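Below is one structure, written out as structure tokens; the observations come after it.
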Amino acid sequence: MPVSLPTLLFSLLLVLAAVNCKQVKNEKCKSCAFLVDTFNAGLEKTSNKHFAGGDTAWEEKNLGKYKTSETRLVEVMEGACKKRTLDNTDKYNGVKELEFKCSALFEDNEEPVEEWYKSQQDLDLFSHLCVDNLKLCCPNGRFGKECASCPGLDKGSEVCFGHGECNGDGSREGTGKCKCSDGYSGHACQHCAPNYFHTKKTETEIECTKCDESCAGGCSGPSNKDCVKCGTGWMRDENEACVDVDECKAEGNNERCTGAYEVCFNTAGSFRCDCETGYIRNKEGVCEVDVVAPSNSPLLRPHQLLRLVAYLGLISVITLIYSFHRSILCVIFTLISIIASILIELYVNPDTIPDAAKSFLSGL
């Protein structure tokens with residue numbers, strides 16, 4: 001039965017809604033925090049603004065009046081909810097229409113802000129406004145409507161034992177679940193992940209380090225001797241250490257790379273099939289001649305060099321015979337050269353020359 005377009009669109013919207021529900025946007029709390037930051041920045045800029053030097057007792061008396069004056073409040077409010085008031089607003093990236101949302105929040109809640117300004121400046125404005133009064137945020141390390149503790153704090157440690165992020169931390173949203181950093185696991189990131197071992201572990205702290213690459217199933221220390229077992233492509237040696245298996249040379253694995261012009265290249269715990277020098281793998285995965293690669297072939301191959309030497313020797317002997325004197329020795333040398341040339345033509349080819357001889361001749 002075909003699915004209608006409206007049904008597909010509705011299903012897509014449900015999926016997107018589910019995804020968005022899992023994301024802690026925390027925009028209300030961030031808008032309140034932005035209001036607090038810009039308001040505090042205004043207070044800092046207007047601090048001691050109208051009095052500089054002179055009678056200390058007189059300044060303290062008059063500054064006390066200015067500290068809570070309407071004049072100062074108006075100046076501070078002019079910069080509230082404005083990005084230009086702060087030197088850096090990176091932590092608010094991602095909040096759309098931040099200044100508008102902040103201004104709307106401020107407009108609806110001027111009374112508690114002014115109350116704090118007039119008589120409660122000794123209290124932290126963020127806690128007073130965003131946490132206690134408006135209930136848009138939670139203190140750090142707490143989450144959700146009731147500002148419950150994030151995992152780890154209940155054990156006397158840091159949030160997620162200092163190795164993860166608590167979902168909804170500092171907001172009235174989230175699940176409170178820890179998203180652990182690499183190498184850590186558990187409800188509060190209080191355990192080492194598989195193939196990691198702890199270098200420090202107490203009731204409130206843990207430090208984990210990755211096992212050697214040769215290990216599988218965990219380890220008790222950092223070396224290849226501390227593995228619970230060796231991983232695929234590794235084996236125990238006579239010293240009980242996990243060492244790499246050279247798959248390209250291992251018995252029974254001579255046909256690892258069977259494609260034309262392929263060579264086996266050993267890697268840590270595995271191997272790969274590369275193309276020979278001068279070849280490149282095409283889109284079909286087959287090695288073909290690399291037309292742009294510089295040629296590494298010698299000017300003369302070993303069998304060609306042998307032929308050249310034989311012919312030059314033959315020509316030299318014949319030249320000596322006819323240039324100087326026709327002795328029996330020269331005739332013998334001529335016959336030897338002719339026979340050597342015939343044998344080279346009949347039996348010498350790239351497959352019959354030993355590798356050592358090829359290396360020697362190629363270096364000439």
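Go over the candidates GLU97, GLU114, GLU107 one by one and state the one that is of a type in the set (D, E, K, R) and within 29 Å of ASN167 (Cα to Cα).
Details: GLU114 fails: within 29 Å of ASN167 (Cα to Cα); GLU107 fails: within 29 Å of ASN167 (Cα to Cα).
When all the criteria are applied, what remains is GLU97.
Would you check if CYS147 is buried (at least 16 other Cβ atoms within 10 Å of the Cβ) and either more than 24 Å from PHE34 (Cα to Cα) or in contact with a Lys or Arg (Cβ under 7 Å, 6 or more places away or on another chain) (or both)? Quick ask: steps written out before the conclusion?
Working: buried (at least 16 other Cβ atoms within 10 Å of the Cβ): yes; either more than 24 Å from PHE34 (Cα to Cα) or in contact with a Lys or Arg (Cβ under 7 Å, 6 or more places away or on another chain) (or both): no.
Here the answer is no, as CYS147 does not meet what is asked.
For region 201-226, how many residues meet the condition of being within 25 Å of the chain's Cα centre (by Cα) and either over 25 Å from CYS180 (Cβ atoms) or not small (Gly, Ala, Ser) (or both)? Steps first, please.
Step one: list which residues in region 201-226 are within 25 Å of the chain's Cα centre (by Cα), which gives 206-219, 221-224.
Now narrow it down to the ones that are either over 25 Å from CYS180 (Cβ atoms) or not small (Gly, Ala, Ser) (or both): 206-213, 215, 219, 222-224.
The total comes to 13.
Can you tell which of GLY168, GLY164 is closer than 30 Å to LEU43 by Cα and crowded, with 18+ Cβ neighbours inside 10 Å? If you could, list the steps in order and put the result at the bottom.
Numbers: GLY164 fails: closer than 30 Å to LEU43 by Cα.
Matching residue, one of GLY168, GLY164: GLY168.
Taking the criterion of being touching a residue at least 60 places away in the same chain (Cβ under 8 Å), in the same structural domain as THR68 (by TED's automatic domain parsing) and among the charged types (D, E, K, R), would at least one residue in region 115-130 satisfy it?
Looking for residues that are touching a residue at least 60 places away in the same chain (Cβ under 8 Å), in the same structural domain as THR68 (by TED's automatic domain parsing) and among the charged types (D, E, K, R), one finds none in region 115-130, hence no.
Yes or no, residue by residue, for (1) of a type in the set (Lys, Arg); (2) assigned to a loop (DSSP other than H, G, I, E, B); (3) more than 18 Å from PRO194 (Cα to Cα):
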site	(1), (2), (3)
CYS208	no, no, no
ASP212	no, yes, no
ALA216	no, no, no
GLY221	no, yes, no
ASN224	no, yes, no
VAL228	no, no, no
THR232	no, yes, no
MET235	no, no, yes
GLU240	no, yes, yes
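Residue pairs, Cβ under 7 Å, 6 or more apart or interchain, first in region 39-56 and closer than 14 Å to LYS82 by Cα, second outside any helix (DSSP H, G or I) and modelled with pLDDT of 50 or more. List them.
PHE39/ALA80; ALA41/LEU86; GLY42/ALA80
If the Cβ limit is 7 Å and pairs must be 6+ apart or interchain, which residue in region 303-316 that is at pLDDT 70 or above pairs with which residue that is outside any helix (DSSP H, G or I) and surrounded by 14 or more Cβ atoms within 10 Å (Cβ to Cβ)?
Correct list of pairs: LEU308/LEU300.
Specify the residue that is modelled with the highest pLDDT; the eligible residues are those in region 18-61 that are farther than 22 Å from TRP116 by Cβ and among the polar types (S, T, N, Q).
It comes out as ASN26.
In region 159-189, what residues are assigned to a loop (DSSP other than H, G, I, E, B) and under 23 Å from the mean Cα position of the chain (by Cα)? Walk me through it before giving the result.
Step one: of region 159-189, the residues assigned to a loop (DSSP other than H, G, I, E, B) are 163, 167-170, 172-177, 181-183, 186-189.
The answer is HIS163, ASN167, SER181, ASP182, GLY183, GLY186, CYS189.
LEU123 - would you say it is modelled with pLDDT of 90 or more and surrounded by 15 or more Cβ atoms within 10 Å (Cβ to Cβ)? Spell out the reasoning first.
Working: modelled with pLDDT of 90 or more: yes; surrounded by 15 or more Cβ atoms within 10 Å (Cβ to Cβ): no.
Against the criterion (modelled with pLDDT of 90 or more and surrounded by 15 or more Cβ atoms within 10 Å (Cβ to Cβ)), LEU123 does not qualify.
How many of the residues in region 218-233 are surrounded by 14 or more Cβ atoms within 10 Å (Cβ to Cβ) and touching an Asp or Glu at 6+ places or on another chain (Cβ under 8 Å)?
Final tally of qualifying residues: 9.
The values are calculated or read from the model by the stated rules, or taken from the named source; none is laboratory data. The structure displayed is predicted, hence computed values, not measured ones. So basically every Cβ, Gly included, is an ideal-geometry build from the backbone, and we count neighbours across all protein chains shown.
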